[in-house]
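Working notes, structure below.
The values are calculated or read from the model by the stated rules, or taken from the named source; none is laboratory data. Here the structure is a predicted model, which means the values were calculated and not measured. FYI the Cβ positions are ideal-geometry reconstructions off the backbone, even for glycines, and counts take in every protein chain you see.
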């Protein structure tokens, strides 16, 4: 038995939506064409609903700030042509020159993602225990700085204790490897 679209009543429904609002449950069955139209209408309605808030927010901006924001999105790498907007959509840069082209906005994204500008990378599978401990120690030290900056002193104390434990292991490893 074929189920017809609730909207056009002509085509076979291929998209099934269930909307739950509080204790109300409603189901809609749509053909592909009607589903696309509904999606476009919903996106437009959402934009229109927020447009007054967006515009009122922009009135309080300084003209230079709006220009800075817009120009940041329009910055492109002269070497590969990737824009900062492309980077934000794709999640990767076009070439190594993009790091200089995008400068501070890119630094902010990197800091937000990994809490450090320095990429430490992964360790090979067959690395010594000492190397693993040193890498973990560096991660914990960054984490400690972050916790202190956020004034989360209880978490900072726990991280400090982990750092002391790893320091002790590293010191024991060094003293065990020294010739007598």
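Consider the stretch 19-47 and keep the residues that are part of a strand (DSSP E or B) and under 14 Å from residue 5 (Cα atoms). The one that is modelled with the highest pLDDT is 29.
Any idea which of 86, 78 is over 30 Å from residue 28 (Cα atoms), at pLDDT 75 or above and in a loop (DSSP other than H, G, I, E, B)?
On inspection, the qualifying residue turns out to be 78.
Contact list please: Cβ distance under 6 Å, first residue in the stretch 90-103 and free of Cβ contacts under 8 Å to residues at least 60 places away in the same chain, second residue buried (at least 17 other Cβ atoms within 10 Å of the Cβ) and not in a loop (DSSP other than H, G, I, E, B), pairs at least six apart or on different chains. Here the result reads 93/87; 102/84, each pair linking the stretch 90-103 to a residue that is buried (at least 17 other Cβ atoms within 10 Å of the Cβ) and not in a loop (DSSP other than H, G, I, E, B).
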